[in-house]
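What follows draws every value from the coordinates through simple rules; no lab data is involved. Quick caveat: nothing in here was measured; it's all calculated off a predicted structure. FYI the Cβ positions are ideal-geometry reconstructions off the backbone, even for glycines, and counts take in every protein chain you see.
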Ligand code: NAI
């Protein structure tokens, strides 16, 4: 059988397309792992150009601008995995990818440190009223005074959302001499001497600095509105490096203008410009001691480099081994590297009897099943089967025959031979 007729591809023939200028670290990682067919483009693609570029591509890597709609996903004739080299995955139609048997991976942890460091910097800048003083110096004015300028040490920081970023920040803040309070809806172990408050209001009423690190959910929409801002201590500061919908910016602007709050640092907005050509508009513009930044909390060279490796390694794990750990739209299966015999993956509609039918295919071929990893998640099932061929069979023919039968099963969304024994 010629290699073009084979139903399973050796990995150096797997075609990878990376869009939107993904970091060198991803390309290097993929090449080091034996993936040589990597094409990288600087910009995003859309519509027919995107459809065309995806023909014959097995793995695509994107950032936030490429829209992988259901239509695009369905037209991609070879696509088996999607890597979002960023945090968000809203740009991909996740249910459509899922029902096409395509897992989607992202990099939720790579920029945690970058955000936590920015928060520490912003706290010092705001407590010393640096934004307006720096502007004054640029204008030629000399505003030298200690009035309402404060050290960080000994103040209380209230962290709302004690997940990856919140807890990392907790460690930095404590080593800076801050007393740390936190509030989370889930039970979270405190780091160092941090103390959990029972309610959000307990945190707001005791903190000199309130910083938000919650996800965007229906519950966190306007989590910090007029009442919560007024519950904050007079002369305290508010920082939002989480998501724009969490704070009512009109209420915040009023509290800053009437002097209830001393300052604010805001990196994320309910509506953000989609490109550098669009104007940025916010009720906070022009207010003293307010730091406004263009959603760059996680944007550092180090984070970009880590994102490249984090997502590339998840894609390689899936392609080489079949593991789906970290996929945002797929049942999670973790596998060891070394298979015992042939290893097949099978994605199917989660319908009764399908596992029996899969096992029957192997039994009829007199194969010995060495292991089976199954996870289901709602309407989707993902199983990885390892089997050894019976002695005397032609391994290549057997593998292709088994794969054909697996693909022909009613309810199959995708089947792939991950480790052939025929290649040794
Ligand atoms: P995470 O998922 O690790 O932590 C979020 C925490 O918030 C969890 O512990 C969760 O239980 C808690 N939470 C959820 N709803 C809550 C509520 N109503 N009240 C209190 N706590 C609640 O997320 P991670 O990685 O720490 O990210 C936090 C936020 O930072 C996210 O919104 C993320 O999108 C944003 N982010 C912003 C960046 C930027 O560039 N500015 C970069 C990276 C993340």
(request) Between 66, 220, 89, find the one with the highest GNM mean-square fluctuation for the chain; connect C-alpha pairs within less than 10 Å. (result) 220
(message) Calculate the FRET efficiency for residue 124 and residue 409 from the Cβ-Cβ distance with a Förster distance of 60 Å, rounded to the nearest 0.05.
(response) 0.45
(message) At 222 nm, what value in deg cm²/dmol follows for the chain if DSSP H runs of at least 4 each add -39500 (n - 2.57) and the sum is divided by all its residues, to the nearest 500?
(response) -9000 deg cm²/dmol
(message) With the cut-off at 1.5 for a/c, could you classify region 140-217 from its C-alpha gyration tensor as rounded, prolate or oblate?
(response) prolate
(request) Specify the angular offset, from 0 to 90 degrees and rounded to the nearest 10, of the alpha carbon long axis of helix 301-316 from the longest principal axis of the alpha carbons in the chain. (result) 20
(request) Return a whole-number percent for the relative contact order of region 112-292, with Cα pairs under 8 Å and 6 or more residues apart as the contact set. (result) 20
(request) Take every Cα pair under 8 Å in region 331-418 that's 6+ residues apart, average their separations, divide by the length, and report that relative contact order as a whole percent. (result) 42
(request) Sort the following peptides by mean Cβ neighbour count (other Cβ atoms within 10 Å, averaged over residues), highest first: 312-320, 188-196. (result) 312-320, 188-196
(request) Could you run the Debye sum over the Cα atoms of region 151-263, one equal point scatterer each and no solvent, and tell me log10 of I(q)/I(0) at q = 0.15, 0.22, 0.23 Å⁻¹, two decimals? (result) -0.58, -1.25, -1.35
(message) 7 Å from Cα along Cα→Cβ at both residue 369 and residue 278: what's the point-to-point distance in nm?
(response) 5.1
(message) Compute a Gaussian network model of the chain, connecting alpha carbons closer than 10 Å, and tell me which residue from 310, 366, 143 fluctuates the most.
(response) 143
(request) Compute the acute angle (0 to 90°) between the alpha-carbon long axis of helix 112-127 and the principal axis of greatest extent of the alpha-carbon atoms of the chain; round to the nearest 10°. (result) 10
(request) Can you give me the three principal axis dimensions of the chain from its C-alpha atoms, in Å, biggest first? (result) 88, 44, 33
(request) Translational diffusion coefficient, Stokes-Einstein: compute it for region 331-418 using the Kirkwood radius over C-alpha pairs as Rh, at 4 °C and 1.567 mPa s, and state it as an integer in µm² s⁻¹. (result) 99
(request) Beta carbons within 10 angstrom, averaged per residue: use that to sort the peptides 76-88, 297-309, 327-339, 37-49, highest first. (result) 76-88, 297-309, 327-339, 37-49
(message) For a protection proxy built on the mean count of beta-carbon atoms within 10 angstrom, sort 90-98, 370-378 highest first, please.
(response) 90-98, 370-378
(message) Can you tell me which of 52, 117, 135 moves the most in a GNM of the chain? Springs connect C-alpha atoms under 10 Å apart.
(response) 135
(request) Compute the length gained on full extension between residue 28 and residue 334: take 0.36 nm times their separation in residues and subtract their Cα-Cα distance, giving the result in nm to one decimal. (result) 107.7 nm
(message) Please compute the contact order of the chain in relative form: average sequence separation of alpha-carbon pairs under 8 Å and at least six residues apart, divided by the residue count, as a percent.
(response) 14
(message) Looking at the chain only, what percent of DSSP beta bridges run antiparallel? Nearest 5 please.
(response) 40
(message) What is the angle, in °, between the Cα long axis of helix 164-175 and the longest principal axis of the Cα atoms in the chain? Nearest 10 is fine, range 0 to 90.
(response) 40
